[in-house]
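Peer 1: First, the structure itself, so that you have it in front of you.
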Amino acid sequence: MEMALWAHSPLCSRGRPVLVVRPAAVATGLAQSIIRCSRLTRGRLVRCMASSSDYPRRNPRRTSTPKPKGTASRGYASRPTAESSTKKIEQSSTDEGDLSRSNGTLRGEATEQTSTAEESSEVELPGNVSSSAKKEEVDADEEVGTKEEADQNQSSALSSTSMDDESIDRKLDEYRGKISALVSSKPEPSSLASVRGQDQSVVGVPKESQSFFEAIGGYPAKETIIVSGQDITEAAEEKATSKNIEREQFDLSEDGVGISSDAEEELPVAEDELRITRDQEQYEPDMQAPVEDAVDPEVLVRRLEKLADENYSIGNKCFVFPEVVKADSMIDVYLNRSMSALASEPDVFIKGAFNGWRWNPFTEKLHKSELRGDWWCCKLYIPKQAYRLDFVFFNSGTVYENNNYNDFFLEIESDTDEHSFEDFLVEEKRKELERLAAAEAERRRQAEEERRREEERAAMEADKAQAKSEIEMKKSKLHQTLSLASRYADNIWYIEPNTYRGGDRVRLYYNRSSRPLMHNTEIWMHGSYNNWIDGLSIAERLVKSYEKDGDWWYADVTLPERALVLDWVFADGPPGNARNYDNNGRQDFHAIVPNNISEDLFWVEEEHRIFRRLQKERREREDADRIKAERSAKLKAEMKDKTMRAFLLSQKHIVYTEPLEVRAGTTVDVLYNPSNTVLNGKPEVWFRCSFNRWTHPSGPLPPQKMVNAENGSHLRATVRVPLDAYMMDFVFSESEEGGIYDNRHGMDYHIPVSDSVAKEPPMHIVHVAVEMAPIAKVGGLGDVVTSLSRAVQDLGHNVEIILPKYDCLNLSIVKDLHYRQSFAWGGTEIKVWFGKVEDLPVYFLEPQNGMFWVGCVYGKNDESRFGFFCHSALEFLLQSGSSPDIIHCHDWSSAPVAWLYKEQYALNGLTNGRVVFTIHNLEFGAHHIGKAMTHCDKATTVSDTYSREVAGHGAIAPQSFKFHGIRNGIDPNIWDPYTDKFIPVHYTSENVVEGKSAAKKALQQKLGLQQTDTPVVGIITRLTVQKGIHLIKHAIYRTLERNGQVVLLGSAPDPRIQGDFTDLASKLHGEYHGRAKLCLTYDEPLSHLIYAGADFILVPSLFEPCGLTQLIAMRYGSIPIVRKTGGLYDTVFDVDNDKDRAKAQGLEPNGFSFEGADRNGVDYALDRAITTFYDARDWFNSLCKRVMEQDWSWNRPALDYMELYHSARKN
């Protein structure tokens, strides 16, 4: 059965293929088509979809029919469309010249059926396209059979439906509902949309269903297949050409539906009368002849014309087809150019995007359509993730039709909504970040490989140069030796035979008489060659010769093959056991050795030999360094992870999460204990949460009332963490409306999120300081500026330092120092230099008035100089266009930055910044500190205890609400016993005993102390009153009383104190020689050796804002003995008295401490420490291991500072 229709090609295409549609039965509401195209020279079966619910699950093809020459470019390819089989189509009379017809009527009797059900194995349900058991593309043996075979198939199908009455009733009820829904439903306009050109199995009806449909008079739906010149395999085609295929063609009645069918696929169609045209000649067995049939698109044209007229009549400038737009489909967009702002434009384009202009932007060109009027159109693909289409029209220039500035938009039927689209975007962003990360990793790998190649080339050149240098030296010395060499020495030595060469075995004779060995009974020859080039390489014992007259001795010697001269001495024993030598008056003995190679060739080969040796040694060193560096990096990474875990647990008595590590895309529980907060006793607690420092696009989550957790003391709230969250932020309140808040004293609670597809934007931080280690270090301030900056930079932020360019700077360690720019301010020119110190970018300001050319950091009109520097630093930021997020100033010396910024710059160009001020020592510049406290956004000092100790100070008390204590840390790259070049044996916590033992021996040897296993107490300090010098003196004598040893390293800025300790040193060195050593100077290498070699480090400060000495001591496995004050109290936990306090900090006890400032306090701590060394050595060694494994670096302080910076930005 066939019917002739015009092709449903896009109306804006330039060609229309002629198509034929034939129906096949399906048991579902899917309308699939088999369409035959007459444009092709050979026909092929192509499966595609028309009005199919599983369209989104099929892969689209560019075209469903061959693209004719001259058609539109990509995006406008012709796609045939087919009407739903339930829609009635009027037969066009214009086909008669092309197609031969015969009329007939398709009946519903079962006897007229052929067994098409055998070609399909199961009912096709929406969304579950199953393969047919026997496909349409079958061998001709299966497609074409004898009449007898067809009858057998029919009988088989009929017999398969035998069942009892109840089964029949159930089947009737089951299918009646399906059929009524399929027959009564009208096809959606989308059924005229694009047609798939994808190879899919033809979906038919199972055997057991076929007879049932025959009994009720027809099939509920039709299946259509397209035949084009593309999508069938050559093998299938060859099979198809080998068999005859009988076809029947039917004319359509006015109310009929066009169907075509093979003779073996005659299907009765209920309720539709069909006029049938038969033309068997049209289907040649070899399928090579072009198909003459065509599909009539007039119904489609009339539908589109009607839509165009309706839209035109109501003033709509554009419409789309299908009218219901679905995701993962093609649509036609029509614009009436004459009704738009583009009426006079020759070119029309559509520009759009999806989901509120957020995704997948596009631009396509429209073409004049075949509709009446000035309608232009193009095809658009609607992606699966789209729920809205936004677009405008324009002329590719500046003329737009944008719906009166409101843009055009279409709602899309889609499984995607705004929330799921957000997840999709996040996932796409994750993939993009992974791609970028992989690309960046590859770029870095290539750059690293290139760097290594360059280093290898440079190292090889250096090795060659060194080899050449060594050869020149050896050649010079060898020539001197050759000038002394001979073949014999009368009555002293000679060689037999007289002629010899390198490699020969010769006999060396020696006359013992009248020589230094004349009384020795054992004589040895110790030798080498070419001026001892290989060291002592020949050793032979001489024996007495009884054949020679006189006292001659001899030894058989093999001459080295490469020898030009043989070198030797005589001795009274073998190497290592000889005492007396005959070395020819310290000139040694030398014999010329004729050789087989020239001297020039010898030196060339020797140079190559030396070069290979140097390369081998260098590579061995590099391998050892690499292994050490990898292990050091691993240890630091493990320490960093451990610190992060401790950071997450630091608030556990108040709040923590389950799981402890929050990962993006997961659900976490937040557990909160209000009893330790301002919400203690409140009947309700509400949880308020957001992400990414309260900046997440989804905004804050709705307040959530917390419920009791299982443990009873905590409340619980559950949160879903977005995939693009890198930080979780929350506070707690007493009610849904707010009321009293627990916001961590204005800092809020924050928990880092791992595995996020988004990264935290880097913050721009600028330090303005007058000290920086190691180029301008006076005290601890310089260490903090450098170490804190590096730690924050390691977290991914942008950190810069502004420093005066003193004339006393150690510029040799500044990398790439160069002049950057100049600016005028304060009546002088200020030159700006730039370089890197410890991989940190540093700007050096150099006023040309000579203000910093005074030869020192402090001591020359400091207040005026530093005030000028602070003002010029802000002026530099302004004039250079910099806009830092945080400006961090330190101590009184750069305190003016705080008020100068707020009074002069915050409203005049530097509006983005916030000022953080750190007090390192309140002892100096209290007035400047107080003024800076007033103007800064946040203030810190260098330990929590010290912040409480000074909170009542007049400069701080009025602003104590913004004052926080954050302890300092140490730089683990500088203070690392595993890589320290100043100690004899490198060690970690795993071999701390061996490492410290070697360091102690080296220290004792260096300082002239007794090599005994006694406790060594180290003291490394500035000798000032603050450091407790009276307690230091007492501790020295107490240690000596306990049979210990004392090493002190330090100097006093006060000459009187320096003189006092000089006298003490003289006294101790005399009375306690070999047990005490006072080095009253600054010696960096010696300080490293003391930290490693001492068993204890004493820090008895009267006050100590932070203190680094005790932290470095623990890094090297030395046990601190400290007074409980400031940062000493925050970092040292007494092994006997501070177990609970240490546990609250997630630590174990790590030292000995005392209170008070008298001798009794010192004795209390010192005696317990020394007793532990003597009486509990194993436990003491485990304590050394423990303190080494604690992290006192900048890992934790850097996290605390970032919290503070963000809090300042929020405020």
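The values are calculated or read from the model by the stated rules, or taken from the named source; none is laboratory data. What you see is a predicted model, and the numbers here were worked out from it, not measured in a lab. For neighbour counting, all protein chains shown are included, and Cβ atoms are generated from backbone atoms with ideal geometry for every residue, glycine included. Protein only, heavy atoms only, side chains kept; ligands, DNA and RNA dropped before computing areas. Shrake-Rupley method; radii C 1.70, N 1.55, O 1.52, S 1.80 Å.
Peer 1: Looking only at the range 332-352, count how many residues are crowded, with 17+ Cβ neighbours inside 10 Å and either within 13 Å of GLU411 (Cα to Cα) or of a type in the set (Ser, Thr, Tyr) (or both).
Peer 2: So the answer is 2.
Peer 1: Restricting the range 630-645 to residues that are surrounded by fewer than 13 Cβ atoms within 10 Å (Cβ to Cβ) and of a type in the set (A, V, I, L, M), which is farthest from ASP742 (Cα to Cα)?
Peer 2: ALA633
Peer 1: Among the strands (runs of 3 or more DSSP E) contained in the range 1094-1211, which hold 1 or more residues that are of a type in the set (A, V, I, L, M), open to solvent by 10 Å² or more (accessible area, probe 1.4 Å) and at pLDDT 95 or above?
Peer 2: So the answer is 1096-1099.
Peer 1: Something else now. Would you check which residues across the range 404-414 are touching a Lys or Arg at 6+ places or on another chain (Cβ under 9 Å) and either farther than 21 Å from TRP359 by Cα or in contact (Cβ under 8 Å) with a residue 60 or more places away in the chain (or both) and list them? Working first, answer last.
Peer 2: Initially, the range 404-414 is screened for residues touching a Lys or Arg at 6+ places or on another chain (Cβ under 9 Å), giving 408-414.
Across the range 404-414, the qualifying residues are PHE408, LEU410, GLU411, ILE412, GLU413, SER414.
Peer 1: Related question: Provide a single number: the residues in the range 414-428 that are surrounded by 14 or more Cβ atoms within 10 Å (Cβ to Cβ) and not aliphatic (A, V, I, L, M).
Peer 2: The qualifying residues number 7.
Peer 1: Considering the range 516-551 alone, what residues qualify as being open to solvent by less than 60 Å² (accessible area, probe 1.4 Å) and on the phi > 0 side of the Ramachandran plot?
Peer 2: If the condition is that a residue be open to solvent by less than 60 Å² (accessible area, probe 1.4 Å) and on the phi > 0 side of the Ramachandran plot, then ASN530, ASN531, GLY535, GLY550 are the ones that fit.
Peer 1: Something else now. Every residue in the range 543-570 that is in contact (Cβ under 8 Å) with a residue 40 or more places away in the chain, assigned to a strand (DSSP E or B) and under 16 Å from ASN511 (Cβ atoms), please.
Peer 2: TRP552, TRP553, TYR554, ALA555, TRP568, VAL569, PHE570
Peer 1: Tell me which strands (runs of 3 or more DSSP E) are completely within the range 834-925 and hold 2 or more residues being surrounded by fewer than 24 Cβ atoms within 10 Å (Cβ to Cβ) and more than 39 Å from the chain's Cα centre (by Cα), or say none if there are none.
Peer 2: 840-847
Peer 1: Name the single residue, out of those in the range 379-401 being under 18 Å from ALA343 (Cβ atoms) and touching a residue at least 60 places away in the same chain (Cβ under 8 Å), that is surrounded by the most Cβ atoms within 10 Å (Cβ to Cβ). Don't jump to the end; show me each part of the working.
Peer 2: Initial filter on the range 379-401 (under 18 Å from ALA343 (Cβ atoms)): 392-401.
From what's left, touching a residue at least 60 places away in the same chain (Cβ under 8 Å): 393, 401.
Numbers: PHE393: 26, GLU401: 22.
Among them, the one singled out is PHE393.
Peer 1: Suppose we keep only residues that are open to solvent by 60 Å² or more (accessible area, probe 1.4 Å) and either at pLDDT 50 or above or in a helix (DSSP H, G or I) (or both) within the range 282-313. Which one would you say is farthest from MET339 (Cα to Cα)?
Peer 2: Only one residue fits best here, namely GLU298.
Peer 1: Residue by residue through the range 565-583, note down the ones that are closer than 19 Å to TYR494 by Cα and either in contact with a Leu (Cβ under 7 Å, 6 or more places away or on another chain) or open to solvent by less than 30 Å² (accessible area, probe 1.4 Å) (or both).
Peer 2: Listed by number, the residues that qualify are VAL565, LEU566, ASP567, TRP568, VAL569, PHE570, ALA571, ASP582.
Peer 1: Another question about this same structure. Have a look at ARG562, ARG619, ARG586 and point out the one that is in contact with a Gly (Cβ under 9 Å, 6 or more places away or on another chain) and open to solvent by 50 Å² or more (accessible area, probe 1.4 Å).
Peer 2: ARG562
Conditions tested, residue by residue: (1) modelled with pLDDT of 95 or more; (2) in a helix (DSSP H, G or I); (3) over 30 Å from ARG631 (Cα atoms).
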site	(1), (2), (3)
ASN991	yes, yes, no
GLY995	yes, yes, no
ALA999	yes, yes, no
GLN1010	yes, no, yes
ILE1036	yes, yes, yes
ILE1057	yes, yes, yes
ASP1060	yes, yes, yes
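Peer 1: Between residues in the range 1149-1168 that are among the aromatic types (Phe, Trp, Tyr) and residues that are surrounded by fewer than 22 Cβ atoms within 10 Å (Cβ to Cβ) and in a helix (DSSP H, G or I), which pairs lie under 9 Å by C-beta distance while being six or more apart or on different chains?
Peer 2: PHE1152/TYR1164; PHE1152/ARG1168; PHE1152/THR1172; PHE1154/ASN1160; PHE1154/GLY1161; PHE1154/ASP1163; PHE1154/TYR1164
Peer 1: Could you grab me the full set of residues in the range 723-751 that are open to solvent by 40 Å² or more (accessible area, probe 1.4 Å) and either outside any loop (DSSP other than H, G, I, E, B) or not aliphatic (A, V, I, L, M) (or both)?
Peer 2: Listed by number, the residues that qualify are GLU734, GLU736, GLU737, GLY739, TYR741, ASN743, ARG744, HIS745.
Peer 1: Between LEU671, LEU648, LEU679, which is within 30 Å of ASP976 (Cβ to Cβ), surrounded by 15 or more Cβ atoms within 10 Å (Cβ to Cβ) and of a type outside the set (S, T, N, Q)?
Peer 2: Exactly one residue qualifies, and that residue is LEU648.
Peer 1: Would you be able to tell me the number of residues in the range 462-487 that are more than 15 Å from LEU564 (Cα to Cα) and in contact (Cβ under 8 Å) with a residue 12 or more places away in the chain?
Peer 2: Of the residues in the range 462-487, 6 are more than 15 Å from LEU564 (Cα to Cα) and in contact (Cβ under 8 Å) with a residue 12 or more places away in the chain.
Peer 1: If VAL770 satisfies every condition in (1) touching a helix residue (DSSP H, G or I) at 6+ places or on another chain (Cβ under 8 Å); (2) in a strand (DSSP E or B) but one, which is the exception?
Peer 2: Evaluating VAL770 over (1) touching a helix residue (DSSP H, G or I) at 6+ places or on another chain (Cβ under 8 Å); (2) in a strand (DSSP E or B) leaves (2) as the failure.
Peer 1: I'm trying to understand the selection: among the residues of the range 685-710, which are in contact (Cβ under 8 Å) with a residue 24 or more places away in the chain and more than 27 Å from the chain's Cα centre (by Cα)?
Peer 2: If we filter the range 685-710 for residues that are in contact (Cβ under 8 Å) with a residue 24 or more places away in the chain, which is where we start, we get 685-694, 696-698, 703, 705-706, 709.
Correct list: VAL685, TRP686, PHE687, ARG688, PRO703, LYS705, MET706, ALA709.
Peer 1: Of (1) touching a helix residue (DSSP H, G or I) at 6+ places or on another chain (Cβ under 6 Å); (2) over 26 Å from VAL915 (Cα atoms); (3) open to solvent by 20 Å² or more (accessible area, probe 1.4 Å); (4) not hydroxyl-bearing (Ser, Thr, Tyr), VAL757 satisfies all except one. Which?
Peer 2: Condition not satisfied by VAL757: (3).
Peer 1: To continue, here is another question. In this structure, is PRO972 under 30 Å from LYS996 (Cβ atoms) and open to solvent by 10 Å² or more (accessible area, probe 1.4 Å)? Before you say what the answer is, go through the steps one by one.
Peer 2: Values: under 30 Å from LYS996 (Cβ atoms): yes; open to solvent by 10 Å² or more (accessible area, probe 1.4 Å): yes.
Considered against the rule, which asks whether it is under 30 Å from LYS996 (Cβ atoms) and open to solvent by 10 Å² or more (accessible area, probe 1.4 Å), PRO972 comes out as yes.
Peer 1: Take LEU371 and decide whether it is aliphatic (A, V, I, L, M) and not in a loop (DSSP other than H, G, I, E, B).
Peer 2: When the stated conditions are applied, LEU371 does not pass them.
Peer 1: Next question, about the same structure. Looking at the range 807-833, which of the residues that are free of Cβ contacts under 8 Å to residues at least 12 places away in the same chain and assigned to a strand (DSSP E or B) is least open to solvent (accessible area, probe 1.4 Å)?
Peer 2: SER822
Peer 1: Also, quick follow-up: Kindly indicate whether any position in the range 434-441 is in a helix (DSSP H, G or I), under 30 Å from VAL325 (Cα atoms) and either modelled with pLDDT of 90 or more or touching a Gly at 6+ places or on another chain (Cβ under 9 Å) (or both).
Peer 2: No, that holds for no residue.
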